[in-house]
Amino acid sequence: MASQNIYSRKISPKEAKEDFIFVLKNKLPFFPPIGTNFELSNENISREVMVKSYPCTCRGPDRPHEHYFISWKGLEAGDKIEIAKDSESKYNLQIKYGFREVFD
C-alpha cells in the first residue's frame, strides 16, 4: 500500500510533451490548495510551483470538468515520479527514468 505522504505516477506522452505532472482529483488534498505556491525539489533543483487547473470537455460537452497539474520540464514518457511531502510547503520529487534511447 502506498504511503499517504507520497504521490506517484507514470508520466504519459502528453505530460512529457507539454511539461507537466498530472494530478488526480482525488489526490488534490495531498498538495497545498490550487494556486498556492510550494517548493518542489529534485536533486539540486528547487522550484516554486503550484497546482493549476484547466477546463476540459474530454468526456463530452455535456460533462465539463477540470484537470489538475504541476508544471515541470524535462520529464519523458515512461518516467515514474514520486512526490514526497516533507512539510506543508516543501515537497521532494524523485524521478525513476523510463526507457530512453541513447545514440552515440
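Here are the numbers:
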| quantity | calculated |
| --- | --- |
| Computed over the range 46-90, Cα set: Rg, Dmax in Å | 14.3, 40 |
| Cβ crowding within 10 Å averaged over residues, with 28-34, 52-58 ranked highest first | 28-34, 52-58 |
| Tail beyond 17 Å, pair distance distribution of the chain (Cα, percent) | 55 |
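The numbers here are math on the coordinates, done by the rules we state, and not lab data. No experiment lies behind these values; they were computed from the predicted model shown. Virtual Cβ from ideal backbone geometry, glycine too; neighbours counted across all protein chains shown.
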